[in-house]
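The values are calculated or read from the model by the stated rules, or taken from the named source; none is laboratory data. Remember, it's a predicted structure, so these values are computed and weren't measured experimentally. A quick note on method: Cβ atoms are made from the backbone with ideal geometry, for glycine too, and the neighbour counts reach across all protein chains shown. Heads up: the accessible areas ignore ligands, DNA and RNA and are worked out on the full protein's heavy atoms, side chains in. Shrake-Rupley method; radii C 1.70, N 1.55, O 1.52, S 1.80 Å.
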Amino acid sequence: MAETLFVELKRYVRFGVADEERLRALEPAVAPHFAAIAEAFYARLAEHEEARRVFSGPAQIERLKGSLCEWMQLLFTGPWDEAYFEKRARIGRIHVKIGLPQRYMFSAMNLIRIALQRIAQQTFSADPVAEHETVWAIAKIVDLELAIMLETYREAFVAEVQSLERLERGQLEHRLAISEARYEEIVEKGSSLVTTFDEDLSILLFNSRAEELTGLERGQVLGRSWLEVFVPEEDRARVRGLCAAALGRERAKDGVPYEGRLPRVGGDRRVRWHFTTLPSGAGPVLCAIGLDVTEERELARRTQRAERLASLGTMAAGLAHEIRNPLNAASLQLQVVQRRLGRDGGPDVTGAREAARLVSSEMTRLAGLVEEFLQFARPQPLRIQRVDLHAAAGELCRLERPAAQAAGVALALAEGPSVYAQLDDERIRQVMLNLIRNGIEATGQGGRVSLRVFRGDDAARLEVEDDGPGLPMADAPIFEPFFTTKASGTGLGLSIVHRIVSDHGGRIEVDSRPGRTVFSVVLPAG
């Protein structure tokens, strides 16, 4: 069993049974002096303003004098056990409670020590050995009393420190909770990409939105170059200059933030970045805040396209009106010429007939162009119904397969379940037909065109893939009117496809490289 604090203190000062006997032997001689010692004790305390302030008045001091006499009585009679220790500790706690400074404890206890030892010397003056041992016993017990008093002060000090620590910890935890909540709300739940990096451009912070758009987890990118993760190689020199300007090392060339695509991300995601510096004791820290502007740019393109189409529609209506009548008249006259040439003979009859045939063919092609142009410029209202997109694709594949075989192209539809969507059946069939024929023309002899229809992300998806050479340019404006890569194309086929898909509230995307081109049409599910 471990010894108690009081037992340890007695062992340390060597307070034993012999000391207890010496104190009890002195008690009859010292007891009559307790009242005088108490008077001197409180008289000395009264000389000091700070000590005086802890007492409420004379009545309290008189009570305390009586308590001090009782304290000295126990000092000489014991027993010096754990109950003794607890009584002394309670007295010390009272001194702490009333706010008596520690220094007065030492000086006042020294007064008691001197008074008691003087009485011991007078009492045992004839017996030097008894005098010496009694004086030492008084010294030991008074030291024990001081140690107990100091322990109570230490307990109070520790309790106060712990209380302050708890209070400070609570305040820090509260402030930390607020900071974390703000961080979570601003950095992690925000719609912006928030990143920080040091002057070597090594990533320090990478928020959830950055993870979402890049497809990379923060553990994969921390410590990597910010430029490598977020900036295409061709833009890195410029962005490095913007970072240096934000650090104050170079003059900013303009106030325009950097906007560019995210490398190694599916599709064409574009982000507009703003750079600033953050205070840090460990060196400069740059903060880059990015806003995904992909939809904004797409909306701007659609708006511009709509404006162009509106102008084009007005022009087309007038153009068609002006061209249709001459075409009709010319066609009628050519028919007359053909009939007359068919009746009359002559040396140039065969050549005239061939020329008339060619003119008629070109007039027919021109009329078809006008009709296609009108169809693009003035689309008819949609007649929406629930359509099985997979079944419609199957029918078109069966109809176009002979033409594909004649061109040496394999045409196939991947097997799958029915996929229903809210569509204008005739218009969507036109979309599929244009994409299938484009694929057949692009691949040529020995090529392959594949169709897939499936459901994904609450939308119906149609994919038309060919293994042709791909688009000549990665950013070719293939959906713009009159853009074509064919020698005899009108440049309106894909524009009409895009217009029909947009009218359905869908979108069309293209992914092209040599040997693989995929047109993906996304439509509202039914």
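Values computed for the structure shown
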{"quantity": "Single condition Phe55 does not satisfy, out of (1) modelled with pLDDT of 85 or more; (2) over 28 Å from Gln122 (Cα atoms)", "calculated": "(1)"}
{"quantity": "Number of the condition not met by Leu111 [criteria: (1) open to solvent by less than 30 Å² (accessible area, probe 1.4 Å); (2) under 22 Å from Ala35 (Cα atoms); (3) touching a residue at least 40 places away in the same chain (Cβ under 8 Å); (4) among the aliphatic types (A, V, I, L, M)]", "calculated": "(1)"}
{"quantity": "Close pairs from the stretch 216-237: first under 15 Å from Phe275 (Cα atoms) and free of Cβ contacts under 8 Å to residues at least 24 places away in the same chain, partner in a helix (DSSP H, G or I) and of a type outside the set (Phe, Trp, Tyr), Cβ under 8 Å, at least 6 apart", "calculated": "Arg236/Leu227"}
{"quantity": "Any hit, the stretch 240-253, residues being surrounded by fewer than 11 Cβ atoms within 10 Å (Cβ to Cβ) and at pLDDT below 70", "calculated": "yes"}
{"quantity": "Leu278 vs. criteria modelled with pLDDT under 85, among the hydrophobic types (A, V, I, L, M, F, W, C) and either under 20 Å from Thr196 (Cβ atoms) or open to solvent by less than 40 Å² (accessible area, probe 1.4 Å) (or both)", "calculated": "yes"}
{"quantity": "Among residues of the stretch 15-32, those that are in a helix (DSSP H, G or I), crowded, with 17+ Cβ neighbours inside 10 Å and not acidic (Asp, Glu), counted", "calculated": "5"}
{"quantity": "Check on Val453, buried (at least 16 other Cβ atoms within 10 Å of the Cβ), modelled with pLDDT of 90 or more, part of a strand (DSSP E or B) and more than 42 Å from the chain's Cα centre (by Cα)", "calculated": "no"}
{"quantity": "Some residue of the stretch 26-39 being in contact (Cβ under 8 Å) with a residue 12 or more places away in the chain, under 20 Å from Arg88 (Cα atoms) and within 60 Å of the chain's Cα centre (by Cα)", "calculated": "no"}
{"quantity": "Filter pass, Val464 being at pLDDT 85 or above, in contact with a His (Cβ under 6 Å, 6 or more places away or on another chain) and part of a strand (DSSP E or B)", "calculated": "no"}
{"quantity": "Subset of the stretch 1-46 (residues that are over 24 Å from Thr134 (Cβ atoms) and among the hydroxyl-bearing types (Ser, Thr, Tyr))", "calculated": "Thr4, Tyr42"}
{"quantity": "Residues of the stretch 393-424 classified as acidic (Asp, Glu), part of a helix (DSSP H, G or I) and open to solvent by less than 40 Å² (accessible area, probe 1.4 Å), total", "calculated": "1"}
{"quantity": "Hey, Ala377 at pLDDT below 90, over 45 Å from the mean Cα position of the chain (by Cα) and aliphatic (A, V, I, L, M) or not", "calculated": "yes"}
{"quantity": "Hits in the stretch 147-166 - residues which are open to solvent by 100 Å² or more (accessible area, probe 1.4 Å) and at pLDDT 75 or above", "calculated": "Arg166"}
{"quantity": "Cβ-Cβ under 9 Å pairs, at least 6 apart or on other chains, the stretch 444-455 side among the aromatic types (Phe, Trp, Tyr), far side open to solvent by 10 Å² or more (accessible area, probe 1.4 Å)", "calculated": "Phe454/His390; Phe454/Ala414; Phe454/Gly416; Phe454/Pro417; Phe454/Arg461; Phe454/Glu463"}
{"quantity": "Residue in the stretch 47-63 that is under 30 Å from Glu131 (Cα atoms) and open to solvent by less than 30 Å² (accessible area, probe 1.4 Å) present", "calculated": "no"}
{"quantity": "Filtered residues of the stretch 64-77 (kept if surrounded by 15 or more Cβ atoms within 10 Å (Cβ to Cβ) and in contact (Cβ under 8 Å) with a residue 40 or more places away in the chain)", "calculated": "Met72, Leu75, Phe76"}
{"quantity": "Candidates Arg24, Arg93, Arg103, filtered to the one that is touching a Ser or Thr at 6+ places or on another chain (Cβ under 8 Å) and at pLDDT below 85", "calculated": "Arg93"}
